[in-house]
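Student: Below is a structure I'd like to ask you about.
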Amino acid sequence: MSYWFGYRAYNKDIDLLPGAGILEGPFDSYDAAKRKKESIRGNDIQKTSIFPAEDKEQAYEKIANETWMI
């Protein structure tokens, strides 16, 4: 089991659709994923929660159902 999260560009001040989601991972531990997630900064970035997945295919399936947060 490895850990993954997603992020995408999004500017709430202009009426545009969010950018394509980018999948980050695999990480060996939750803490490693958390450090990487915290290093991605910007006012126009939305991120998902960190979630476990067996492989990249499963991670892409899960990211489709994740909630995006600023």
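Student: Over all alpha-carbon pairs in the chain, figure out the percentage whose distance exceeds 21 Å.
Tutor: Values: 529 of 2415 pairs.
Above the 21 Å cut-off, the chain has 22 percent of its Cα pairs.
Student: Then there is this: Could you work out the relative contact order of the chain, using alpha carbon pairs under 8 angstrom and six or more residues apart, expressed as a whole percent? Before the final figure, lay out each step's value.
Tutor: Values: 122 pairs, mean separation 28.7, N = 70.
The normalised contact order for the chain reaches 41 percent.
Student: Further question on the same structure: What net charge is computed for the residues neighbouring A32, neighbours being all others with C-beta under 12 Å from the C-beta of A32, Lys and Arg scored +1, Asp and Glu -1?
Tutor: Working: positive: K34, R35, K36, K37; negative: E24, D28, D31, E38.
In short, 0.
Student: What spacing in nm lies between the two simple spin-label points modelled at N43 and N11, each 7 Å away from Cα in the Cβ direction?
Tutor: 1.1 nm
Student: Using Cβ contacts closer than 10 Å as the measure, can you line up F27, F5 from fewest to most? Show your work: numbers first, answer last.
Tutor: Values: F27 19, F5 22.
Listing F27, F5 from fewest to most nearby Cβ atoms yields F27, F5.
Student: Do you know the Lys pair count in the range 6-70 for C-alpha distances under 22 Å, with sequence separation 8 or more or different chains?
Tutor: So the count works out to 13.
Taken together, the values in this text are just the output of simple stated rules run on the coordinates, not laboratory data. No experiment lies behind these values; they were computed from the predicted model shown. Cβ sites come from the backbone with ideal geometry, for glycine too, and all protein chains shown count toward neighbours.
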